[in-house]
1. Please specify each residue of segment 219-229 satisfying the condition of being outside any helix (DSSP H, G or I) and not acidic (Asp, Glu).
2. From the list Ala204, Ala189, Ala175, which one is in a helix (DSSP H, G or I), of a type in the set (Gly, Ala, Ser) and either closer than 30 Å to Tyr275 by Cβ or assigned by TED's automatic domain parsing to the domain that holds Arg272 (or both)?
3. If I ask for residues that are out of contact with any His (no Cβ under 7 Å at 6 or more places or on another chain), in contact (Cβ under 8 Å) with a residue 12 or more places away in the chain and not polar (S, T, N, Q), which ones from segment 251-266 would you list?
4. If a residue has to be more than 30 Å from Leu94 (Cβ to Cβ) and not aliphatic (A, V, I, L, M) to count, how many in segment 146-185 make the cut?
5. Among the helices (runs of 4 or more DSSP H) contained in segment 87-168, which hold 2 or more residues that are modelled with pLDDT under 90, over 25 Å from Arg60 (Cα atoms) and not small (Gly, Ala, Ser)?
6. Which one of these is touching a strand residue (DSSP E or B) at 6+ places or on another chain (Cβ under 6 Å) and surrounded by fewer than 17 Cβ atoms within 10 Å (Cβ to Cβ): Ala182, Ala131, Ala101?
7. One residue is enough: does segment 207-218 have a residue meeting the conditions at pLDDT below 95, surrounded by 15 or more Cβ atoms within 10 Å (Cβ to Cβ), of a type outside the set (A, V, I, L, M) and assigned to a loop (DSSP other than H, G, I, E, B)?
8. Using beta carbons and a limit of 6 Å, which pairs, at least six apart or on different chains, have the first residue in segment 95-109 and not assigned by TED's automatic domain parsing to the domain that holds Leu311 and the second one part of a helix (DSSP H, G or I) and surrounded by fewer than 17 Cβ atoms within 10 Å (Cβ to Cβ)?
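The values are calculated or read from the model by the stated rules, or taken from the named source; none is laboratory data. Computed from a predicted model, the values in this text were never measured in an experiment. FYI the Cβ positions are ideal-geometry reconstructions off the backbone, even for glycines, and counts take in every protein chain you see.
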Amino acid sequence: MKFLIRIVPVVFLSLCFTNTADATQAAGSAASSGGMFPEVVARVNGQPVSGRDLESVVRRELASIGNPEWNSLRAEYRYELFYAGVTSLVNSQLLYEKAVASGTKATSEEVDAETQNFAKNYSSDAEMNAALARQFLDRDSLKQKLEQDLTLAKYLNTLVQTITVAPEEISKYYAENPEMFAHPDLVRASHILLPSEEMTDLDAQVKERAENLLARAKKGEDFAKLAKENSVDSTASAGGDIGYVTKDSLETTFADAVFGMSVGEIRLIKSRYGYHVIKLTDKKPEGVAQLDEIREDLTNLLKQNKAQMELAGLIGQLQEQAKIEILFSPGE
């Protein structure tokens, strides 16, 4: 069961800076660089932390609240965004240096493959270049960032793989946190989605094809195989399986249908997304999940918690050993 525990990613950790007046004066003003911040906002062991990198981080945060103008924000919020962003970039740089020093580094082949995957998101070189420009990047700087991201990912994955969780730790956490494992009524289903062609003559053909798939499924053909070969939904590669879901997490028409079905029943419905051939595979009434049902997820959660604690300790050590200079204040 993958519905009970949300594994949160490792996030940046708080960082105490030594901010000197001389360094601040040497940085100049944000206006002189033509961006939100100066060209260099900090240095980590002599390596610059780019103002443009920081602006990218901050603008992603501002996009989530409607892209307000930087100068229109409360001073306290500007400080919060600035120091959170700088903290994230500084910690990433510290971890990257540690990874490289330990012999972990992304290969050129891995970077090239990731660059090609990134390029697939765009229909042309011009579209990709424009998207990069909006993030203050070009092809070379993109590769540099991908290399750093891949190196960090490899290093952190190695860290997580060294962490173990004893069976008694899992049992203890389960017993002490019963509210985490309570759930409402749940169903598990698989479906095959065919997009409708409303207001066209093609809709009748799509419906006929859906009815044919329904008949084949009812005759006992492998439902997962039918989904992989015919469904346009993102679940096609998983045989149409949507996992365990609550009623309010589904589109209304789909929810009403699937929660009214019996386990093993196969039905054809039409929602605003198209025609669905649905097979109900399980039902769970409201209650508390048994430990065996969520053991894998709980193990991963506890590993994640331990990883975050180890990472916090590691970053604390790296901060103590590093020379970190903050060269700008958002109040200037």
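1. Lys219, Gly220
2. Sole residue among the options that is in a helix (DSSP H, G or I), of a type in the set (Gly, Ala, Ser) and either closer than 30 Å to Tyr275 by Cβ or assigned by TED's automatic domain parsing to the domain that holds Arg272 (or both): Ala204.
3. Matches in segment 251-266: Glu251, Ala257, Val258, Phe259, Met261, Val263, Gly264, Glu265, Ile266.
4. So the count comes out to 14.
5. Here the list reads 139-161.
6. Sole residue among the options that is touching a strand residue (DSSP E or B) at 6+ places or on another chain (Cβ under 6 Å) and surrounded by fewer than 17 Cβ atoms within 10 Å (Cβ to Cβ): Ala182.
7. Checked against the condition, which is being at pLDDT below 95, surrounded by 15 or more Cβ atoms within 10 Å (Cβ to Cβ), of a type outside the set (A, V, I, L, M) and assigned to a loop (DSSP other than H, G, I, E, B), segment 207-218 yields no hits at all.
8. Short answer, once both residue conditions are applied: none.
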